[in-house]
Every structure is written in C-alpha cells, then in structure tokens.
Amino acid sequence: MTDSVKPRAARAADKRRRLTAAAAQVLHEQGVERTTLADIARVADVPVGNVYYYFKTKDELVQAALSEHTAHLDELTGRLDQLSDPLERLKGLIEAWVGRRDIAARYGCPTGTLAVELDKRADGTLDAEAGAVIRRLLDWAGHQFRALDLPDPDDLAVTLVSAYQGMSLLANALRDPDIMTRQGTRLIHWLDSLKAPDRTP
C-alpha cells in the first residue's frame with residue numbers, strides 16, 4: 001500500500017515513527033546544537049513544515065530520540081533474555097556493542113554522547129532523561145550479575161557499563177574501531193574470570 005492510500009491515522013503514525021528514528025540518528029551523528037529540524041525532516045523524508053505538527057520544539061525531538069534509544073535497548077535486552085544463561089546474556093551484550101564498533105568510532109555511544117551534551121545545558125531535565133536510559137541498562141546488567149549469584153552485582157554492572165562507555169569514547173576520540181574489538185575481548189575474559197562464591201558448608 002502506498003503512502004497516499006494509507007488511512008490518515010496510519011500515515012500520521014508512520015511519519016511520527018520516521019521522524020523519531022531520524023531524530024535518534026541525526027542527533028547521534030551531529031549533536032543537539034548542530035542539528036536542525038530541517039536535518040531531521042530530510043532524513044525522515046518528511047516535509048519540514050510537517051515536523052511542527054508532531055514535535056513543537058527540538059527538545060521534543062530529543063525526547064523522542066531518547067525514547068528510541070530506550071526502545072533499541074529493550075529490543076536488545078529482550079533478545080538476550082531468550083538465552084538461558086545470564087553469563088551468555090552479558091557476553092551477548094558485549095558482542096552487540098562490538099558489533100557497532102564502526103559507528104562508535106565515528107560518533108561515540110548514542111546515549112552516552114547525548115547525556116554528556118545535555119548535561120551542559122542549564123534546564124536539567126533532558127539530561128536526567130538520558131541518565132534514565134543508562135540506568136535502565138545498569139539495572140538489566142545488575143540483574144544478570146545477581147542471577148549469577150555474584151557479590152556486589154550492581155557495582156559489577158557499573159564496571160561493565162563504564163568499560164563500554166570508556167571504550168566507546170576512546171574509539172571515537174582516536175577514530176579506531178579496533179579498540180572496541182580488543183576491549184570487548186578483555187571484557188569477555190573478565191566475565192569468565194568472575195566466580196560465584198563457594199556456598200559449600
């Protein structure tokens with residue numbers, strides 16, 4: 001069915017979806033300050049005048065981009081949750097990170113870079129929303145470490161996610177995706193080295 005013959009509500013939902021996905025992409029590639037509504041409209045293939053019908057301000061598009069990041073995270077962790085072993089879920093997370101090494105080397109971590117940029121603004125609302133996406137990842141990782149019966153699972157989650165943010169930043173700063181590959185391998189070795197406490201009496 002072509003766009004012109006779709007029901008009006010379906011066309012509107014499709015435009016909003018395209019704008020949301022485009023906002024996530026363009027804000028990641030260009031940053032908030034350099035991005036215009038016209039940039040997002042062009043990538044979404046939506047007339048720029050239509051953007052204001054769905055999003056009144058650029059901040060609303062930033063919120064939509066953060067929702068898109070949350071949806072991508074939930075989709076990834078949902079797939080990983082199909083694995084029966086929590087350790088394999090954590091390794092799968094690392095493999096997914098490494099699989100996006102070329103994008104990370106060029107633009108950094110989508111949520112991390114957005115969180116840093118938003119933190120420099122005075123209003124203090126959108127940066128908290130970016131932090132909530134990272135908290136969602138920390139909570140999921142902490143749950144996996146807890147399922148492995150490891151001590152300090154939340155701290156282990158912070159170690160894991162901090163390592164990801166660090167390797168993304170370095171890969172981006174040095175334009176070297178191989179950093180992600182090497183550090184991903186080290187993280188997997190680190191996971192393998194963790195042992196649950198011996199509970200034998």
The stretch 15-82: D in µm²/s via Stokes-Einstein (Kirkwood Rh, Cα pairs, 25 °C, 0.890 mPa s)? 202
Using alpha-carbon coordinates, inclination of helix 178-193 to the longest axis of the chain, degrees: 40
For S84, what accessible area in Å² do you get when you roll a 1.4 Å probe over the heavy atoms of the protein chains, rounding to the nearest 10? 110
Take I179, I188 and sort them by solvent-accessible surface of the protein heavy atoms, 1.4 Å probe, largest at the top. I188, I179
Within the accessible area of the stretch 54-156 (1.4 Å probe), percent carbon and sulfur: 50
What accessible surface, in Å², does a 1.4 Å probe find on L76, ignoring ligands, DNA and RNA and rounding to the nearest 10? 30
Taking Cα atoms only, Rg over Rh for the stretch 28-143 with Rh from the Kirkwood formula is 1.02
Using the Karplus equation 6.51 cos²θ - 1.76 cosθ + 1.60 (θ = phi - 60°), what ³J(HN,Hα) coupling, rounded to whole Hz, does each residue of the stretch 28-42 give in order, writing x for Gly and Pro? 5, 6, 10, x, 5, 5, 7, 8, 10, 4, 5, 4, 5, 4, 5
How would you classify the stretch 84-201 from its alpha-carbon gyration tensor, with a ≥ b ≥ c the square roots of the eigenvalues: rounded for a/c under 1.5, else prolate if a/b is greater than b/c, otherwise oblate? oblate
If you count only protein heavy atoms and use a 1.4 Å probe, how large is the accessible surface of K195, to the nearest 10 Å²? 150
Keeping every protein chain present and rolling a 1.4 Å probe, give me the accessible area per residue for the stretch 100-146 in Å². 53
With the contact rule set at Cα under 8 Å and sequence spacing of 6 or more, what percent relative contact order holds for the chain? 21
For the chain, what does the alpha-carbon gyration tensor say about shape, rounded, prolate or oblate, given a ≥ b ≥ c as the root eigenvalues, a/c under 1.5 as rounded, and a/b over b/c as prolate? prolate
Most fluctuating of E95, E33, E60 in the GNM of the chain (C-alpha, under 10 Å) is E33
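The values are calculated or read from the model by the stated rules, or taken from the named source; none is laboratory data. Being a predicted model, the structure only gives us computed values, none of them experimental. Calculation scope for accessible area: heavy atoms of the full protein, side chains included, ligands and nucleic acids excluded. Shrake-Rupley method; radii C 1.70, N 1.55, O 1.52, S 1.80 Å.
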